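Coordinate-derived values only; no laboratory data. Quick caveat: nothing in here was measured; it's all calculated off a predicted structure. Glycine gets a Cβ as well: all are built from the backbone with ideal geometry, and neighbour counts include every protein chain shown.
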Amino acid sequence: MRIAVTSDIHVDKNGPRALEALAARVRALEPDVLVLAGDVATPLTTLLEALLALRPCAREMVFVAGNHDVWSHPLAQAQGVDAWTRLDRLLPALCLEAGVHDLDASPVVIDGVGFVGTLGWWDLSMRDEALGAPASAYVTGEFGGLRWMDHVFARFRREGEDVPYAVVAAELRERLRGQLRAVNADRVVGVTHMVQFDSQLVHKSHPGWRFCQGFIGHRALGDILAADERVVLSVCGHTHSPSDQQIGRLRAVCSPLGYRSEWLGRPDVEAVERAVALVEI
Ligand SMILES: [Fe+2]
Ligand SMILES: [Fe+2]
């Protein structure tokens, strides 16, 4: 099976030309399955357009949401459109319309290969302890003049209250466990938006970057995938640093496009070429 992997295409920031170039790149690879591991766009119209543009480029396409895909403006939040609404109602509807398998909603078996997945959520397990940021900074998302914007735009509400992020992370982690139990396949591909393994992190010295590291991953997601002998490939996004590693039995791939400002002046065609990994399993 030929699997094309990409994530973090941020179409609302990178523009339609990047999407066109990406679609052409995926089409040229002739994959059986395209795995899109989150951070497509915050505006739902743009998100749907991206799914519709990419869908014909592969025989099948699977998606998990990224944190930016469940963001909503505070005005929309006030009208009840919180991150749960985006994740569990609006994104499944868009995927249905586009003919894309929404792994956050349910696993799928394609040609005998199981695909499971979740947005997942950061649980601070990969935070930089040596930074010495107080626990309260991780609660507010503010440290040293920097603000992690999930705290503003990704609000998970239930019965009028914010659900603590630790609870969100645990709930989505259990969904992944449940999908692995449910999926009936000898080989499985596990997809999360959140980073799964510490080795997928890129360390930088800037204090702001070191603070943000707390909001990048959830170590138990990797542990769960690595513990299931059927999982041959795991895919994540969220970090905009690509990696391709062998971790025990499984191959762990992250192949993000990232923001235009991170392309270091490369033209769109060159940036998208680096952003799509082709994995054969
Ligand atoms: Fe991203
Ligand atoms: Fe992200």
### Task
When you have a sec, figure out the Kirkwood radius of the range 97-167 from all distinct Cα pair distances and drop it here in Å to one decimal?
15.4
### Query
Please state the Cα pair-distance histogram of the range 105-224 with 5 angstrom bins from zero: what percent is in each bin?
2, 11, 19, 19, 18, 13, 9, 6, 3, 1
## Note on the structure
Against the 2.2 N^0.38 Å rule of thumb, the C-alpha Rg of the range 2-280 sits at a ratio of 0.94
### Query
Among Ser199, Gly141, Gly120, whose Cα sits farthest toward the positive end of the charge dipole of the chain (+1 at Cβ of Lys/Arg, -1 at Cβ of Asp/Glu, about the Cα centre)?
Ser199
### Task
Run the quick spin-label model on Glu161 and His206: label points 7 Å from Cα toward the beta carbon, then report their separation in nm to one decimal.
3.7
### Task
With label points built 7 Å along Cα→Cβ from the Cα atoms of Leu96 and Leu44, find their separation and express it in nm.
1.3
#### Entry: Computed [θ] at 222 nm, helices only, for the chain once each DSSP H run of length n ≥ 4 contributes -39500 (n - 2.57)
-9000 deg cm²/dmol
### Task
Tally the DSSP beta bridges in the range 108-189 and give the antiparallel ones as a percent, rounded to 5.
70
#### Entry: Reciprocal of mean inverse Cα separation for the range 161-234 (Kirkwood radius, Å)
13.8
### Message
Under a Cβ-only charge scheme (Lys and Arg +1, Asp and Glu -1), can you give me the dipole magnitude of the chain about the Cα centre, in debye to the nearest 20?
### Response
220
### Reciprocal of mean inverse Cα separation for the range 53-97 (Kirkwood radius, Å)
11.7
### Message
Would you report the distance distribution of C-alpha pairs in the range 1-155 as whole percents per 10 angstrom bin, up to the bin with the largest distance?
### Response
10, 36, 31, 17, 5
### Query
By what distance, in whole Å, do the Cα atoms of the range 172-281 stretch along each of the three principal axes, largest value first?
45, 32, 22
### Task
Please grab the % of Cα pairs in the range 19-76 that end up more than 13 Å from each other.
62
### Task
Express as a percent, rounded to the nearest 5, the fraction of DSSP beta bridges in the chain (both residues included) that run antiparallel.
40
